[in-house]
Structure formats: C-alpha cells, structure tokens
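Right, one structure below, let's go through it.
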Amino acid sequence: MRTLSTASTSSSLFALHGLTSSSRFEDTSLSLPISGVFQRQIGRSNLRNGCLSTKGRTEKLNKHIIVSAADVCLDRSVVEADLQREGMWSVHKFGGTCMGTAKRIQNVAEIILNDASEKKLVVVSAMSKVTDMMYNLIDKAQSRDDSYVTALDDVFEKHKLTANDLLEGESLALFLSQLQRDVSNLKAMLRAIYIAGHATESFSDFVVGHGELWSAQMLSLVLKKRGSQCSWMDTREVLIVNPTSSNQVDPDFIESEKRLNKWLPEHPAETIIATGFIASTPKNIPTTLKRDGSDFSAAIMGALVRAQQVTIWTDVDGVYSADPRKVSEAVILKTLSYQEAWEMSYFGANVLHPRTIIPVMKYNIPIIIRNIFNLSAPGTMICQLPTKEKGDDEGLESVVKAFATIDNLALVNVEGTGMAGVPGTASAIFSSVKDVGANVIMISQASSEHSVCFAVPEEEVDAVAKVLQARFHQALEAGRLSKVEIIHNCSILAMVGQRMASTPGVSANLFDALAKANVNVRAIAQGCSEYNITVVIQGKDCVKALEAVHSRFYLSKTTLAVGIIGPGLIGSTLLDQLRDQAAVLKEEFNIDLRVMGITGARTMVLSNLGIDLTRWKELLKEEAEVADLEKFAQHVHGNHYIPNTVLVDCTADSDVANHYYDWLCKGIHVITPNKKANSGPLDRYLKLKAQQRSSYTHYFYEATVGAGLPIISTLGGLLETGDKILRIEGIFSGTLSYIFNNFTESRQFSDVVAEAKQAGYTEPDPRDDLSGSDVARKVIILARESGLRLELSDIPVRSLVPEQLRTIASAEEFMRELSKFDANIANERQDAEAAGEVLRYVGVVDAVNKEGRVELRRYKKEHPFSQLSGSDNIIAFTTMRYKEQPLIIRGPGAGAQVTAGGIFSDILRLASNLGAPS
C-alpha cells in the first residue's frame, strides 16, 4: 500500500485557514478551495417540462448495442472520449442505511464480491445519520454553540468503532490516522465558523462531504482485506458540476469525462469505490449534488462509463404500485419506464428523483431498485418503455402502472366572467404566485380563462391568497373577477402509466371507481402525453380514493369491509357461507370480503384486519363488548385501508332499518333481508330510493321477497327494459305454502301447523306467519317497486288467526286452543275440493287498479299454484309482454340456507358493481 500524502496544491488552497486538506490513500492531488454558500435543497424539483423528444438514436459501444429512445436535455456535445472502459461496467449505489453499521458494510462488501461483472463502480453514501450529524456541527458552530466540539467527537467515535469492527493491523492504523487528521482539521474549521458566526457554501460542503469520504475509505479497505483489486475515488476529482440558480447543479459531462479519462489509467482496478453526493465546480470548488445526491452521482457515473446497469440498493423490495402504508394490497412493480418513474416521483412516490433518471436515460441504461435486506427479491427495473411482460394481457392493469398522492394541499380558484378572452390573466396570476415563492403543484384551467384553479402546499396558500387579493383588487371591486376562492384540506391523486395514451377508457374507469367509492373530484388535469391523470380530492378521502382506484385497475383485490348485524339463524348461516367461500372468491374472482364486525342486540365484536370466521362464535363471547350500533357502523366504515363498506342487516328490527338512510348518505352500502324499511312508511321508502339513485351507494334487498329467488331483480329488469306490470300474484310465504300443500282431507289444520312449527318452518309464535302480515309486507314492497304509492295500511289482509286467539299471551296456549277452530277452515277446504280446486294463501299486486291484497284463494288443480310441494314459493308476473302466458318464478322460498344464499348473492353483486369481474 502506498504511503499517505497531502498534495501541495491542496495545502496551499487551505493556507488561508491554517488547515490541510483531507488526504487520500492514493498518490493523487486534491484541489479543494472554499467559497460560496451551500443550501440543502428542500423543495420538490419540477422537471415535468424537461426537454424530451421521440427522436431515436442507436450507438454501438464496445460491441454493445445501446438504443436511446428519447434524447434528453443533456449537453449534446458530449464526445466519445477514449475512456478506459474495457469490459462491461456495472454500477452500484449504497445509501446511508446500507452503510449504517459494520455488519451492513460487510454485507455491502459481500454483494460487490459476488458481482461477476468485469468492472464495478460502487457509489456510497455516508453512514446512516452522519450527514445530519455533520450539518448539525455547522449549525451549532454558526450559532456559537460550543457543543459542536462534543458533537464532532461523537462523529469520530462512530467511525472509530466501526473501523475497529471492520479492519485490523496496518489497514486499521492507516484509516484511524487519517480519520484523526480529518477531525483535527474539521475542529479548526468549525472554530473559524464559530468565531465568524457564518459558514460559506464551501465550508459547509467540505465539512459535510467527509461522511462520504470516510465510508468509501472504509469499504475499500474491507474489500482489499478480502483480496479484491480495489481503488477508491474522491469524486470531487472527477465529477464537475455547474451550480444553478434553482439550488441545483448541472453535471458538466464533457469536463467530467475528460477527468475520468485521466483518473482511470492512474488507478487500474476491477472495482472502484466512489463517494456519492459530493463534486466540484469547474474552478475546483467543493460542492454537493443537493437532494438525492448519491443516487444522482451513481446515475452520472453510470452514464460516464456507459454501464450495463445501475443498481440502487435500498431497504425496500422495489417500487410499489401505491404507498403500501395506505394500500395494504400494493404490489411490487417488475418494470417502470423512465417517464413513469419520474411522474411517480413528482407526485411523492418513493422512487428516484427525476434528475437521477436523466443521465442514464440518454444511453438507455436500466436502473434497478433492490433491497439489500432481501436479496431474493428481484426488485424493480426502470428502463425504456418495456416490452409486454410475461403473463400480461392488454387489460387496463397492464396499462396503468401505479398511483401516487400528495397530501396537505389547498386548491386556489380564481374565477370571473371578466377573465374570459382577456389575454394575460393566467400570466398575471402565476406571476403573483411566483413573487411569494409558492410551489404550484397542479394547474387546471377552464376555456377562455373564465376559471383558473391550481394546487399549492397548505402552508403557502395564505400568502398566495393575500397576493392575489391585492393583485386583483380592482377587478374584484368592479365585478370583472367574481372570487378568489381557497379550498383547504385537499390531496392530489395521480394515476401513472405510459401506455394510457393509446388505451381508450382509462379515464372513464378512474372516475367511475372514484364515484363508486363516493369520492368527489374537485379538479382534473391531464397532459396530452397522458403519462398521468391527476385529480384533486378532499384530503379525508385520499386513502379511500387510493384504495378504490388501485382495486379497480386490478392491482389489488376488490376488497369489501363487511359488517354483519344479527348473528341469528340467517346471520350465522351467512357467516358460515362466507367462511367456506372466502378462499375461492380471493383466488378465482379477485374478491376479498373482510368481516370487520359482528353485532347482536347485546354484544358485538370488532376487528381492524378482519374477523377469523372459523372462530367468530368464540370471539363473540371472548372478545365481545357492549353492542353500540353507531360505534359498530363507524368502526366498519372507518377502516381507511378498505374503500368500500357494506352493512348486512340480517334482523327483522325496525330500529336497525331506521339507520339505512344515514348509512347510505355516508357512503355505506346496505344489504338486507329485513322487510321493515321498504314496507314501512312510504316517505322513508322514497327517501331511500332517491338516495340510492342520486349516489353510487348501493342498497340491495333481494332476500326481502322470496328468500333466494330472483324476484326483485326480475321485476327491476322488466321495468328497466320498458315492460309494464299489470299484475303480480304469488305464494310468498314458505310457511303457508307448506301448510296448505299438506292441508288435505285427512288432516286437521291445527295438526299441520303444529307439524310446520316442529319442522322449524314457522316463527316461534306461528301467529306471526298465520296473521299474513309478512306476506302483506312483501306485497307492499312489490307494489312500490312497480311504481304504486301504497302504505301498508292500504293492503287488506285475510288473517288465519281466529279473532278469539289473537290476544292470547303465549304461543304454547295459542297452539293448544287452535284445534277448536279447525272446523271453519276445514269447511272452506271442502267447498274448494267439491269444485275441483285447492286453497292457497296468496298476495296480489293489481297494478291496473293500483291496489294490493292478501287473501286465501281457490285455484283449479291444473293451475301452477296448485302444483307446489314442500315450502316452495311461486310468483307470476303478468305484463304487457307476458300477458297471455305469465312469467313464473318458482323455488324454495324459506329456510336459512336459501335466504343467506340470497344475501350472499347480493354481496357478490355489489362487488361486481365495484369493479370485480362478473
């Protein structure tokens, strides 16, 4: 190993400060004059208007074909210098997290050694937290806080301890000696800052850059210890940049390539460890690459050596289709185009900064994002528009790549008829916004400048509003401008995909998904390239909207948060059906039904992730809390990771039904077999239907009539296709169907009722069935669905409960007394039999005469109503189309299995409406 030396040129540069420069492990000179002021970039870089063209170019470099599908705003005069580029280069970049501890640095060394590339260039950041610690030193010194001395000692100890774990012998002594000299120099420099109370840009950049120098030196020594032919590069000697007025720097590729040409033959090695983040100006003044500087360094170096790929090592498995903290079903993307990547990064996604992409894009060098803590994950490749991936089809899911959001925004709307046709209005608006230094995230403009709205960060909107009010004061007073409106608490949702431009229906699906999630869009922006479609929504709807659109484009499953009200016979049967079918729905139909809560009349159980349906009965006992319907609904609906909520009311409770309207207004879907809402007061029914029609919130109630039979949907289909209902007649009660199918000459009526009760066909009190009130409710529902405005009291009902038994207290006493009245109904049966007819208990909707009724009617034995068996229901629709031969639906009309099946069918119908495959 060569001895340490300090270049004389470097020493003279620091003579003014009484310091020497940081030395290298190689015999090279280091020029580091100090001047200027460094300010860390905080703002978002907007390269969205960067210069791009579709002009193609093909270059042959080292027998490797490079195709550039887009020429970017790099210096076009970059020459193909005679770089020492024999073989193919691979570039790796390891961030502070990767270099955070001795063990992690060893892992980095292992990855480098396992790379079989002929040439490797490794760009490293400072150890985790070190850059912040170095900036803190400067802040303390400028503030004349003498604790900077102790803070610098902490930095020294961190690197000393790490080196002790990594190195030994001569290598350790060499590094610690250099570390001690660097720290001594830094103490002197910080003392000068302490006295002056101010640090120039060069002071700051020089101090901060030591973190990268130390980490690169340590890693190079670790690799040499492992037998690798390795050199380390202080990129300030090679990478030349020009500071810009926008707190950024532009690489000087011509000069950087010249310096690299000189550096490479002087340091022949198969592996080069280079410092990230730091560079020099053309006058050899130290500087940094500002925000995401290490990534930028890797991209620039990758372009300079025409690397075969640049790998960015981080702590995530790749780029996600959405923020996984907001969308639990977000997936890792295999590929992204350069354009898609910088669109996503602009909208806040954790992707590379746009400027990182530009250097490699010129030479079509792919960037791969990989997880250093999960080497089995392939990561995400960012490259030119990738070819169709294996397994992809031409559906929208292969067109829309990802979604991103920006929160804490305000929307500014400048509106007025006097703006229309007046040139320069938009210019005046944004000139004023520029004067206060506000960052405009998105712009949407109506035709003729009648209305201009734009989004700015919430913390900047007060200044924007104030300057616009002042700028347009006269126009507001004169009425040429009607308002400068501020809409607070907004978020931006962006949908990104390069193939969207050539695919019809993308926007339609986006807005349909938002509408069905009950999300209101305040503003829209879309460029002609259609790389992204951007909408402004209310901040409170951001997560719900993100989940909804992500689900709609099949990047995740269609997920429903389900709340079950009433775990009785029907409710428990439904829960068992959901349990048995859940896996099939997920795997084959892309539907994820998560029961987030179950509540009975007294207790309830809630879950944030979904109740284990194999144990729901035990959980309802072990983890139950006092039932609270309002809290229950709020919990099920309040899970922001699931955009759509459905409450399933399996009760027959009027109080529960009274909540339907409020739930629908809140965007909660409702499914129920409970007849109380639709057969209750007419005005409540009309309100429910109006709310359903005016929103994308669904209210399904197929099981209220005929259990699992498709009666409501059939009626709706007839009406929607223009048919006219004349009459609906049917046997709507499975209980009464069973009773009259078995009420023959050899049997007494009371015996058949007792048999039905024993078999579980009746309610606990058979009078609830025999009274006909349940059939009357079904009749009123069908009448209202047919367009008749009837109240339940308008329906005459033939009760089969003898008048004398209606007030008896108990069901048991009723059953004992019923036999005393067998003769009356037996006489009716005998009269019917004498005429060749049978008795059937039916409900009738007479749409022509606008009335309904429930009665005991006689039918000829050849009539379809006479052919029933068991507890079957039968319904006949007589319409203008089905006038001569009624449309008949027949099947089981009672029982927990078929009723629960009808409810389940409504749940799947809802999922289909929300985007699941039908």
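Is there a residue in the stretch 287-303 that is touching a strand residue (DSSP E or B) at 6+ places or on another chain (Cβ under 6 Å), open to solvent by less than 10 Å² (accessible area, probe 1.4 Å) and in a strand (DSSP E or B)?
yes
Look through Gly717, Gly706 and report the one residue that is part of a loop (DSSP other than H, G, I, E, B) and either at pLDDT below 95 or within 23 Å of Leu887 (Cβ to Cβ) (or both).
None of the other options fit; the residue is Gly706.
Residues that are open to solvent by 40 Å² or more (accessible area, probe 1.4 Å), touching a residue at least 24 places away in the same chain (Cβ under 8 Å) and touching a strand residue (DSSP E or B) at 6+ places or on another chain (Cβ under 6 Å): does the stretch 727-750 have at least one?
Yes; the residues of the stretch 727-750 include at least one that is open to solvent by 40 Å² or more (accessible area, probe 1.4 Å), touching a residue at least 24 places away in the same chain (Cβ under 8 Å) and touching a strand residue (DSSP E or B) at 6+ places or on another chain (Cβ under 6 Å).
Identify, by number, the condition in (1) more than 19 Å from Arg840 (Cβ to Cβ); (2) over 38 Å from the mean Cα position of the chain (by Cα) that Ser737 doesn't meet.
Just one mismatch for Ser737, condition (1).
Considering every residue within the stretch 577-590, establish whether at least one is out of contact with any Phe, Trp or Tyr (no Cβ under 6 Å at 6 or more places or on another chain), assigned to a helix (DSSP H, G or I), farther than 30 Å from Ala404 by Cα and of a type in the set (Lys, Arg).
Yes, the stretch 577-590 has at least one match.
Can you pull out every residue in the stretch 230-251 that is in a loop (DSSP other than H, G, I, E, B) and open to solvent by 10 Å² or more (accessible area, probe 1.4 Å)?
Thr244, Ser245, Ser246, Asn247, Gln248
Go over the candidates Leu647, Leu688 one by one and state the one that is part of a helix (DSSP H, G or I), open to solvent by less than 10 Å² (accessible area, probe 1.4 Å) and under 24 Å from Gln634 (Cβ atoms).
Going through Leu647, Leu688 in turn, the sole match is Leu688.
Among the residues of the stretch 319-363, write down those that are basic (Lys, Arg) and more than 14 Å from the chain's Cα centre (by Cα).
Answer for the stretch 319-363, where residues must be basic (Lys, Arg) and more than 14 Å from the chain's Cα centre (by Cα): Lys334, Arg355, Lys362.
Taking the stretch 161-184 as the region of interest, how many residues are open to solvent by 60 Å² or more (accessible area, probe 1.4 Å) and under 44 Å from the mean Cα position of the chain (by Cα)?
2
Go through the stretch 774-801 and give me each residue that's part of a helix (DSSP H, G or I) and either open to solvent by 20 Å² or more (accessible area, probe 1.4 Å) or modelled with pLDDT under 95 (or both).
Once the filter is applied, which keeps residues that are part of a helix (DSSP H, G or I) and either open to solvent by 20 Å² or more (accessible area, probe 1.4 Å) or modelled with pLDDT under 95 (or both), the stretch 774-801 yields Asp774, Arg777, Glu785, Leu792, Ser793, Asp794.
Return yes when Ala657 is modelled with pLDDT of 95 or more, over 30 Å from Gly893 (Cβ atoms) and touching a helix residue (DSSP H, G or I) at 6+ places or on another chain (Cβ under 7 Å) and no when it is not.
When the stated conditions are applied, Ala657 does not pass them.
Can you tell me which residue within the stretch 305-351, out of those that are within 22 Å of Ile441 (Cβ to Cβ) and of a type in the set (Phe, Trp, Tyr), is surrounded by the most Cβ atoms within 10 Å (Cβ to Cβ)?
Trp342
Restricting to the stretch 752-773, and then to whatever is in contact (Cβ under 8 Å) with a residue 60 or more places away in the chain and out of contact with any strand residue (DSSP E or B) (no Cβ under 7 Å at 6 or more places or on another chain), can you tell me which residue is most open to solvent (accessible area, probe 1.4 Å)?
The selected residue is Tyr761.
Looking for whichever is open to solvent by less than 20 Å² (accessible area, probe 1.4 Å), aliphatic (A, V, I, L, M), within 23 Å of Arg522 (Cα to Cα) and not in a helix (DSSP H, G or I) here; the options are Val464, Val456. Which one fits?
Unique residue meeting the criteria: Val456.
Whether any residue in the stretch 516-529 is in a helix (DSSP H, G or I), crowded, with 21+ Cβ neighbours inside 10 Å and of a type outside the set (Phe, Trp, Tyr) is what I want to check.
Yes, there is a match, as at least one residue in the stretch 516-529 is in a helix (DSSP H, G or I), crowded, with 21+ Cβ neighbours inside 10 Å and of a type outside the set (Phe, Trp, Tyr).
Could you identify the single residue in Asn350, Asn374 that is part of a loop (DSSP other than H, G, I, E, B) and modelled with pLDDT of 90 or more?
The conditions single out Asn374.
Test Gly302 against the stated conditions and say whether it is of a type outside the set (Asp, Glu), within 41 Å of the chain's Cα centre (by Cα) and under 19 Å from Leu213 (Cα atoms).
No; evaluated as a whole, the condition is false for this residue.
Within the stretch 802-918, which strands (runs of 3 or more DSSP E) (wholly inside it) include 3 or more residues that are open to solvent by 40 Å² or more (accessible area, probe 1.4 Å), over 20 Å from Gly760 (Cα atoms) and touching a residue at least 24 places away in the same chain (Cβ under 8 Å)?
Those strands (runs of 3 or more DSSP E) span 851-860, 887-892.
For the stretch 477-498, which positions are out of contact with any Asp or Glu (no Cβ under 9 Å at 6 or more places or on another chain) and part of a helix (DSSP H, G or I)?
The answer is Glu477, Ala478.
The values are calculated or read from the model by the stated rules, or taken from the named source; none is laboratory data. Being a predicted model, the structure only gives us computed values, none of them experimental. Don't worry about glycine lacking a Cβ; one is built from the backbone with ideal geometry, like all the others, and counts go over all protein chains shown. What goes into the accessible areas is simple: the full protein's heavy atoms, side chains included, and nothing from ligands, DNA or RNA. Shrake-Rupley method; radii C 1.70, N 1.55, O 1.52, S 1.80 Å.
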